[in-house]
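S.K.: A single structure is presented below for examination.
Each reported figure results from applying straightforward, stated rules to the coordinates on display, with no laboratory input. Computed from a predicted structure; not experimentally measured. Here Cβ is always computed from backbone atoms with ideal geometry, including for glycine, and neighbour counts include all displayed protein chains.
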Amino acid sequence: MKLSSIIQHVFTFPRSRDWTKEQLRGFSSKRLGTSFDIEVYLPPAYHKSSKPLRILFLNDGQDAEALQLMACLGSTYAKSKLQPFMLVAIPAMDRMHTYGVSVQADYKGRGSKARPYGLFITKELLPELKERYRVSNAPQAHSFAGFSLGGLSALDIVWNHPDIFGQAGVFSGSLWWRSEAFDAKFPDANRIMHTQIKKGPMKPGLRFWFQTGTLDETEDRNNNGVIDSIDDTQDLMAILRQLGYKAIEYVEVEGGEHNPQTWGRVLPQFLRWGFSQ
């Protein structure tokens, strides 16, 4: 699916007082040895309902303002028939090491804390949220999304915890993450996420949403006329299809750049895809 270039215009979402934001300040992780100031966004009438909520975890929560997150939630929720969900925005801490692929660090040692970060989410943060809020226990009710390296991390966590998560949202994902340095003779080799998923097995029930922008970057390592961001994403989707997955959505933004402004403009599409009734 390709968006028209009209998406390049800056959209200003109306502010909504119906969504409320709460903070978990100084939430400590024993596995990572650090603490997070986590923001929790609750939908309209949350305190008047008894229904359990779905959860959307979001990496790089520090970019909430640049994404116009609160306004986007209010506008999209008001205009679309979405299932009630809460959004949990987690700020990046030691980003180059907590984000990555849990099976191994990249060839420069980056992503060395990816596995404990996934365990922080599943074993520390999620149980705390279930204590504090009315949360669904169904894996299909839990989604994880992120941007760039945070998108790689979100996909990795969903893939490795299919008993907990049902959906992944990857915005301009850093799917080039490699186990070996780039080799011009084998330009598409050693991509860690591609290798991990190719080994399978298929994990029934998972759904995937991918976004790229035609101006994400200018690199074209295999000289096929397609920038690496799009190439890596399309290659990964092909692997998922080979495993048997059909619930894969792809949005390519003409003129879309590698920044929160582009991601914020397509975020409503992801929300409608993931949470429509």
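S.K.: Return Ser49, Ser153, Ser179, Ser102 ranked ascending by Cβ neighbour count within 10 Å, so the fewest neighbours appear first. Present the calculation step by step, with values, prior to reporting the outcome.
M.R.: On the way: Ser49 12, Ser153 32, Ser179 15, Ser102 21.
So the ranking, lowest neighbour count to highest, is Ser49, Ser179, Ser102, Ser153.
S.K.: Still on this structure, please answer the following. Scanning the chain for trypsin sites (Lys or Arg not before Pro) in DSSP loops with at most 12 other Cβ atoms within 10 Å, what's the longest stretch left with none?
M.R.: Values: sites that count: Arg15, Arg17, Lys30, Lys81, Lys108, Lys185, Lys199, Lys246.
Between exposed loop sites, the widest span is 109-184.
S.K.: Report the equivalent ellipsoid semi-axes for segment 191-277 in whole Å, largest first, defined as the square roots of five times the eigenvalues of the gyration tensor built from alpha carbon atoms.
M.R.: 22, 20, 9
S.K.: How much length is gained on full extension from Glu217 to Lys21, taking 0.36 nm per residue of separation minus their Cα-Cα distance?
M.R.: 67.2 nm
S.K.: Let me ask something else about it. Which Cα, out of Trp263, Ser229, Ala71, lies furthest along the positive dipole direction of segment 2-275 (beta carbon charges, K/R +1, D/E -1)?
M.R.: Of the listed residues, the answer is Ala71.
S.K.: With everything on Cα atoms, drop me the angle between helix 260-275 and the longest principal axis of the chain, reported from 0 to 90° to the nearest 10.
M.R.: Relative to the chain, helix 260-275 is tipped by roughly 70 degrees.
S.K.: Roughly how tilted is helix 69-79, in degrees to the nearest 10 and between 0 and 90, from the longest Cα axis of the chain?
M.R.: Once rounded, the angle reads 70 degrees.
S.K.: Which net charge results when you count Lys and Arg as +1 and Asp and Glu as -1 among the other residues whose beta-carbon is under 15 Å from that of Gly26?
M.R.: Net of charged neighbours comes to -2.
S.K.: While we're on this one: Please express the shape of segment 134-222 as an equivalent ellipsoid: the semi-axes are the square roots of 5 times the eigenvalues of the C-alpha gyration tensor, given largest first in whole angstrom.
M.R.: Working: eigenvalues 150, 49, 16 Å².
In descending order the semi-axes read 27, 16, 9 Å.
S.K.: OK, next. With each run of n ≥ 4 DSSP H residues scored as -39500 (n - 2.57), what mean residue ellipticity at 222 nm is computed for the chain after dividing by its residue count and rounding to the nearest 500 deg cm²/dmol?
M.R.: -8500 deg cm²/dmol
S.K.: I would also like to ask the following. Quick check: Cα centre of segment 191-261 to Cα centre of segment 96-173, how many Å?
M.R.: If you average the Cα positions of each part, the centres end up 18 Å apart.
S.K.: Just need log10 I(q)/I(0) for segment 119-277 at q = 0.08, 0.18, 0.21 Å⁻¹, Debye formula, equal scatterers on the alpha-carbon atoms, no solvent, rounded to two decimals.
M.R.: The calculated log intensity ratios at q = 0.08, 0.18, 0.21 Å⁻¹ are -0.24, -1.15, -1.45.
S.K.: Between beta-carbons, use under 15 Å as the cut-off and find the net charge around Phe165, counting Lys and Arg +1, Asp and Glu -1.
M.R.: With Lys, Arg at +1 and Asp, Glu at -1, the net is +3.
S.K.: Mind checking the angle between helix 228-243 and the chain's longest principal axis? C-alpha axes, 0 to 90 degrees, to the nearest 10.
M.R.: 80
S.K.: While we're here: To the nearest 20 debye, what charge dipole does the chain have about its Cα centre, counting +1 at the Cβ of each Lys and Arg and -1 at the Cβ of each Asp and Glu?
M.R.: Dipole of the chain, to the nearest 20 debye: 1220 debye.
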